[in-house]
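What follows is calculated from the coordinates using simple rules that are stated; it is not laboratory data. Values in this document were obtained by computation on a predicted structure and should not be read as measured data. FYI the Cβ positions are ideal-geometry reconstructions off the backbone, even for glycines, and counts take in every protein chain you see.
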């Protein structure tokens with residue numbers, strides 16, 4: 001029996017995380033809104049189930065989450081890259097995962113401007129679940145800087161999952177005035 005994971009935003013910058021989890025023995029349900037990207041991802045691995053929905057659509061998102069739990073079983077690991085313009089989405093994930101019995105781990109991917117303490121205080125995690133934050137920064141290059149590339153983001157998230165750290169930073173946040 002394979003373990004089960006859910007990756008929100010798993011067809012873009014987190015596509016390599018989705019594939020890595022499948023390689024680590026997970027059946028991975030992936031939330032994405034782009035049908036072409038989803039098809040490319042699922043063609044690469046038989047252990048990925050698509051949830052083709054925009055997480056900003058509360059009704060469709062909730063139905064997709066419930067369907068994947070019904071079809072594939074309880075989720076043990078969640079990787080969630082949810083933008084701040086969908087404030088209800090993370091709560092919906094937690095509600096769906098929290099209604100299951102057993103333990104789970106939530107890896108919350110956050111942008112460089114996120115206040116980690118404030119975000120953590122706003123998240124209600126059910127008993128038996130662990131909460132981890134992965135903050136995305138930028139890269140300093142000589143006198144300039146650049147945003148992280150997809151492979152750097154995926155590598156940082158994979159490292160956070162592997163190490164089980166409560167808080168991980170991918171790239172740097174300082175000096176703030178040098179961000180791209």
Residue separation between residue 125 and residue 159 times 0.36 nm, minus their alpha-carbon distance, gives in nm 10.0 nm
Once every DSSP H run of n ≥ 4 in the chain is given -39500 (n - 2.57) and the sum is divided by its residues, what mean residue ellipticity at 222 nm do you get, rounded to the nearest 500 deg cm²/dmol?
-> -11000 deg cm²/dmol
Hydrodynamic calc, the chain: Kirkwood Rh from Cα pairs, then Stokes-Einstein at 20 °C with viscosity 1.002 mPa s, so D in µm² s⁻¹ is 129 µm²/s
Would you mind telling me the antiparallel percentage of the DSSP bridges in region 3-178, rounded to 5?
-> 15 percent
Would you list 81, 176 from fewest to most Cβ contacts within 10 Å?
-> 176, 81
Based on the Cβ-Cβ distance of residue 83 and residue 35, what FRET efficiency does E = 1/(1 + (r/R0)^6) give at R0 = 25 Å, to the nearest 0.05?
-> 0.80
Name the most mobile residue of 43, 114, 22, meaning the one with the largest mean-square fluctuation, in a Gaussian network model of the chain with Cα contacts below 10 Å.
-> 43
Normalised contact order of the chain, rounded percent, pairs of Cα under 8 Å and 6 or more residues apart = 19 percent
How far is it, in nm, from the label point at residue 173 to the one at residue 46 when both lie 7 Å from their Cα along the line to the Cβ?
-> 4.3 nm
